[in-house]
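A.B. asks: One structure, as structure tokens, below. Some questions next.
The values are calculated or read from the model by the stated rules, or taken from the named source; none is laboratory data. It should be emphasised that the depicted structure is a prediction, and the values quoted were computed from it without experimental measurement. We place every Cβ from the backbone using ideal geometry, glycine too, and count neighbours over all the protein chains shown.
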Amino acid sequence: MSFRIPFFRHDLGEPELQAVGEVFASPILTTGQTVATFEARFADLLGCRHALAVTSCTGALHLSLLALDIGPGDEVITTPMTFIATANAIMEAGATPVFVDVEPDTGNLDAALVEQAITPRTRAILPVHLYGQMCDMNALRALARAHGLALIEDAAHCVEGVREGFRPGQTGTTACFSFYATKNLTCGEGGALVTNDTALYEKLRLLRLHGMTATGAERAEKGYRHWDMTVMGWKYNMSNIEAAILLPQMQRIPANLERRHRLARLYEERLAAMKGIRCFVTRPDTTHARHLFPILVDAIPRDAMIQVLQESGVGVAVNYRPVHLTRYMRETFGYRPGRFPVAEAIGERVLSLPFFPHMPPEMVHQVCDIIAEAL
Ligand SMILES: *Cc1c(COP(=O)(O)O)cnc(C)c1O
């Protein structure tokens, strides 16, 4: 389907083409200097000691769990109001996801409900900074400390976010990011994690590439030397090609975030006047990364609103229908509707509207006109 008003459009262009061209002109296509440059700049951006570039956020989450020796028999507390990747990474590590309900006005993991879900098997809390707004990391960190748990942040939506002075990765054990096709920073498919823990970083580095003691680029640059495999690792290394696509975009982060904030304010102003439509709130002392622009549709069934918008040529998405109610989760863990009422209420009403930095403000007005008419 092609939409008059697309849900998302990337802003990659000449700078990225040129950067990729530079990689083509060099002998190293795989993980090498371009990846190292990206990692240094990304760590700097997040104010963390180390960054590791990988092939996806799912991989970054999986590696974080593996590096922390979290696996079979262990429980990881997370949110049902997220993309399935969050829970899948926990299961990939062999651990069990334990869901906790969310805050009604942000959709973020409700820190007040986490403690009652902690058992002797709990090893980590895995919050998701939903839509680009950080969770209450002060509360989650206090809980993690009191119970000796790791804190792994799913920051797939939240490269630019700040809350109470802290960015993703600055209070957690690791924070994991996605550069998937529709994310705020993108290289089509990619991811990264940041951490301040140097010993953990060294372990993650090994796990990223088969547990090998040398990379292909090192062998190509310094000449062949025998290498060893010291631990059982995975294949999650980012290539220089993806890193080249990411580097020029980093310079546009402040301007694009400003554009996202302007568009979000415009949506909020228009929608405030409409009965039966609610927007999520932003907590005090928070810089929202504004990855998505979701609304809650109370006035009419959400799916009826989807139909009207799509038939009017407007691209939309649902972020998200709760993970515990997917068929796999129901069949595997026996979840039934009613278990996480807040996430389920959001899942029935939430709708993401078209939203991307270079979206013309007229399009916001057009989308809001169609919503008003549907109501
Ligand atoms: C996109 C996304 C992921 C997965 O990212 P990949 O890079 O595709 O693995 C994980 N969590 C959330 C919340 C996401 O939106």
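A.B. asks: Identify all residues within segment 57-81 that are on the phi < 0 side of the Ramachandran plot and out of contact with any helix residue (DSSP H, G or I) (no Cβ under 6 Å at 6 or more places or on another chain); write none if there are none.
C.D. replies: Residues satisfying the conditions are 57, 59, 60, 64, 65, 68, 70, 71, 72, 74, 75, 79.
A.B. asks: For segment 342-366, which positions are surrounded by fewer than 20 Cβ atoms within 10 Å (Cβ to Cβ) and either within 15 Å of residue 313 (Cβ to Cβ) or touching a His at 6+ places or on another chain (Cβ under 7 Å) (or both)?
C.D. replies: Of everything in segment 342-366, those that are surrounded by fewer than 20 Cβ atoms within 10 Å (Cβ to Cβ) and either within 15 Å of residue 313 (Cβ to Cβ) or touching a His at 6+ places or on another chain (Cβ under 7 Å) (or both) turn out to be 360, 362, 363, 365, 366.
A.B. asks: Return the only residue of 181, 111 being in contact (Cβ under 8 Å) with a residue 24 or more places away in the chain and away from the ligand (no atom under 16 Å from the Cβ).
C.D. replies: 111
Okay, residues lined up against (1) basic (Lys, Arg); (2) under 20 Å from residue 153 (Cβ atoms):
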site: 194; (1), (2): no, yes
site: 211; (1), (2): no, no
site: 220; (1), (2): no, no
site: 235; (1), (2): yes, no
site: 248; (1), (2): no, no
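A.B. asks: Oh, and also: Looking at residue 86, is it surrounded by 22 or more Cβ atoms within 10 Å (Cβ to Cβ) and either under 20 Å from the mean Cα position of the chain (by Cα) or assigned to a helix (DSSP H, G or I) (or both)?
C.D. replies: yes
A.B. asks: Would you check which residues across segment 72-83 are crowded, with 22+ Cβ neighbours inside 10 Å and within 13 Å of the ligand (Cβ to nearest atom) and list them?
C.D. replies: Step one: filter segment 72-83 for residues crowded, with 22+ Cβ neighbours inside 10 Å, giving 76-82.
Across segment 72-83, the qualifying residues are 78, 79, 80, 81, 82.
A.B. asks: Let me ask you something else. Is at least one residue of segment 10-22 touching a Gly at 6+ places or on another chain (Cβ under 7 Å) and either more than 14 Å from the ligand (Cβ to nearest atom) or assigned to a helix (DSSP H, G or I) (or both)?
C.D. replies: In the first step, residues of segment 10-22 are kept if they are touching a Gly at 6+ places or on another chain (Cβ under 7 Å); the result is none.
No, segment 10-22 has no match at all.
Rundown of residues vs (1) free of Cβ contacts under 8 Å to residues at least 40 places away in the same chain; (2) touching a strand residue (DSSP E or B) at 6+ places or on another chain (Cβ under 8 Å); (3) under 30 Å from residue 360 (Cα atoms); (4) among the hydrophobic types (A, V, I, L, M, F, W, C), yes/no style:
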site	(1), (2), (3), (4)
198	no, yes, no, no
204	no, yes, no, yes
209	no, yes, no, yes
216	no, no, no, no
226	yes, no, no, no
233	yes, yes, no, no
256	no, no, yes, no
259	no, no, yes, no
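A.B. asks: Mind checking which residues of segment 273-322 are touching a residue at least 40 places away in the same chain (Cβ under 8 Å), in contact with a strand residue (DSSP E or B) (Cβ under 9 Å, 6 or more places away or on another chain) and β-branched (Val, Ile, Thr)?
C.D. replies: Hits for segment 273-322 are 277, 286, 287, 295, 297, 306, 308, 314, 316.
A.B. asks: Mind listing just one residue for me: the one in segment 194-205 that is under 17 Å from residue 70 (Cβ atoms) and among the aliphatic types (A, V, I, L, M) and, of those, surrounded by the fewest Cβ atoms within 10 Å (Cβ to Cβ)?
C.D. replies: 199
A.B. asks: Residue 169 fails exactly one of the following numbered conditions: (1) within 16 Å of the ligand (Cβ to nearest atom); (2) at negative phi. What is the number of that condition?
C.D. replies: (2)
A.B. asks: How many residues are out of contact with any Cys (no Cβ under 7 Å at 6 or more places or on another chain), among the basic types (Lys, Arg) and either crowded, with 19+ Cβ neighbours inside 10 Å or modelled with pLDDT of 95 or more (or both) if we restrict to segment 215-271?
C.D. replies: Result for segment 215-271: 6.
A.B. asks: Pairs under 9 Å by beta carbon, first residue part of a loop (DSSP other than H, G, I, E, B) in segment 48-66, partner among the small types (Gly, Ala, Ser) and more than 9 Å from the ligand (Cβ to nearest atom), six or more apart or different chains?
C.D. replies: Qualifying pairs under 9 Å: 48/169; 48/175; 49/43; 55/239.
A.B. asks: Got a sec? Which of 69, 105 is within 23 Å of residue 289 (Cα to Cα), part of a loop (DSSP other than H, G, I, E, B), away from the ligand (no atom under 16 Å from the Cβ) and touching a Lys or Arg at 6+ places or on another chain (Cβ under 9 Å)?
C.D. replies: Every option except 105 fails the conditions.
A.B. asks: Return yes or no: is residue 306 buried (at least 19 other Cβ atoms within 10 Å of the Cβ) and either within 22 Å of residue 359 (Cβ to Cβ) or polar (S, T, N, Q) (or both)? Steps first, please.
C.D. replies: On the way: buried (at least 19 other Cβ atoms within 10 Å of the Cβ): no; either within 22 Å of residue 359 (Cβ to Cβ) or polar (S, T, N, Q) (or both): yes.
For residue 306, the condition - buried (at least 19 other Cβ atoms within 10 Å of the Cβ) and either within 22 Å of residue 359 (Cβ to Cβ) or polar (S, T, N, Q) (or both) - is not met.
A.B. asks: Please determine whether any residue of segment 84-94 is within 30 Å of residue 360 (Cα to Cα) and in contact with a Gly (Cβ under 9 Å, 6 or more places away or on another chain).
C.D. replies: Checking segment 84-94: not a single residue is within 30 Å of residue 360 (Cα to Cα) and in contact with a Gly (Cβ under 9 Å, 6 or more places away or on another chain).
A.B. asks: Picking from 45, 63, 52, which residue would you name as being within 18 Å of the chain's Cα centre (by Cα) and away from the ligand (no atom under 16 Å from the Cβ)?
C.D. replies: 45
A.B. asks: OK, next. Looking at segment 252-359, what helices (runs of 4 or more DSSP H) fall wholly within it and have at least 3 residues that are small (Gly, Ala, Ser)?
C.D. replies: It comes to 253-272, 341-349.
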